[in-house]
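*Asks:* Before I ask anything, here is the structure I am working with.
The values are calculated or read from the model by the stated rules, or taken from the named source; none is laboratory data. Values in this document were obtained by computation on a predicted structure and should not be read as measured data. Cβ placement follows ideal geometry from the backbone for every residue including glycine, while neighbour counts extend to all protein chains displayed.
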């Protein structure tokens, strides 16, 4: 069966904002994808919370590299999901990066896995990072909050939420 992507919602910031929230997410799809094209200029991490959960129900494993070096880490019992904001690490003003969030079986009755992929090109010397997040909760995902660990997303940041289903 072919897989279809339905655009559920898109947010484009006209001015700087501390976060982007998708709420009232319907439970009619198999998986969710958020495509975030953003810059913060100051933050080296991006965080997300599911269904407003601020408890220590999240963990992640991370791999990243820039062509010259690689890194990995694992963190557990934290109050947010994470991804690397490579723009903040490099602190490059007005250069946007793309991050893709895949929420697998988001409406199912098991703990939720979220894969986050981030990449940014700098004319031949870029950065990539992959985060496998776990939200230890069996509730269906109905809202997602995205935010940098400091500062705001700048104007022009765009986030799109897609619902994925087998046709």
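*Asks:* I need a count of the residues in the stretch 52-73 that are in contact with a strand residue (DSSP E or B) (Cβ under 8 Å, 6 or more places away or on another chain) and at pLDDT 95 or above.
*Replies:* Result for the stretch 52-73: 8.
*Asks:* Those residues that are modelled with pLDDT under 95 and either assigned to a strand (DSSP E or B) or over 17 Å from residue 97 (Cβ atoms) (or both), I need them from the stretch 31-49; list them, please.
*Replies:* Within the stretch 31-49, 36, 37, 38, 45, 46, 47 meet the criteria.
*Asks:* Condition test on residue 24, is it surrounded by fewer than 20 Cβ atoms within 10 Å (Cβ to Cβ) and modelled with pLDDT under 95?
*Replies:* No: the conditions fail for residue 24.
*Asks:* Another question, then. So which strands (runs of 3 or more DSSP E) stay within the stretch 99-167 end to end and still have 1 or more residues that are touching a helix residue (DSSP H, G or I) at 6+ places or on another chain (Cβ under 6 Å)?
*Replies:* 112-120, 127-135
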